[in-house]
Amino acid sequence: MDTPLSAAPRRRALFLDRDGVINVDHGYVHRVEQFEFCPGIAALIARANTLGLAVVVVTNQAGIARGYYTEADFQALTAWMVAELARRGALVDRVYHCPYHPEHGIGEYRRESPRRKPNPGMLLQAAEELDIDLARSVLVGDYETDIEAGRRAGVGHRILIDWSGQARSESGADLVVHSLDAVRDWLDRS
């Protein structure tokens, strides 16, 4: 009788929203000169890298849907962001975005999408493509829609970053923090 080989364990991931987690949310950020990294983001990503977590960005980009900027603008800024983080020792494995909006989209961008948070599409796609164990993974977001997307996808740990210091008790998050350093400390303990 053959003895089955045990499969390698699936990888854990750190899922990050972009606006409000990676960069300060100045509203529809799409140019380098508008982009300001949130305090502690490079250290958080670098720590996740050290711990062997895949780092995956999942971001709604309604500014594309609304016609404020193009997919090419988004891709150019994303390439700069990923390179700048790498220069700081923080490696991003993949960036997923949803350019659609069901009400405010223009033309082909006006539609529902299973990828638009709070739907879990981007998270599920990442799990499939990167062999991620969602139940052992972590999501960090700054809106209820981020937390809900994580819940719907089965992400095991959902952390809400609340920069204002006003804890939101009904968020559905497992943890509410007021800095990315607190997320990094939590990762060290988990």
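Every read-out reported here was derived from the displayed coordinates using simple, explicitly stated rules and does not represent laboratory data. Everything quoted here is computed from the prediction, not taken from an experiment. FYI the Cβ positions are ideal-geometry reconstructions off the backbone, even for glycines, and counts take in every protein chain you see.
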Does Ala126 meet the test of being touching a Phe, Trp or Tyr at 6+ places or on another chain (Cβ under 9 Å) and among the small types (Gly, Ala, Ser)? yes
For residues that are without any contact (Cβ under 8 Å) to a residue 12 or more places away in the chain and exposed (fewer than 13 other Cβ atoms within 10 Å of the Cβ), scanning just region 22-52, find the one that is nearest to Ile64 (Cα to Cα). Gly27
Selection over region 75-102 where residues are more than 16 Å from Val140 (Cβ to Cβ) and touching a helix residue (DSSP H, G or I) at 6+ places or on another chain (Cβ under 6 Å) yields a count of 7
Run Leu16 past the list (1) farther than 24 Å from Leu124 by Cα; (2) touching a helix residue (DSSP H, G or I) at 6+ places or on another chain (Cβ under 9 Å) and report the number of the one that doesn't hold. (1)
Flagged in region 45-63 as in a helix (DSSP H, G or I) and out of contact with any strand residue (DSSP E or B) (no Cβ under 8 Å at 6 or more places or on another chain), in numbering order, are Ala46, Arg47, Thr50, Gly63
Looking only at region 69-124, count how many residues are buried (at least 18 other Cβ atoms within 10 Å of the Cβ) and among the acidic types (Asp, Glu). 1
Over 20 Å from Phe15 (Cα atoms) and of a type in the set (Asp, Glu): is that true of Glu84 in this structure? no
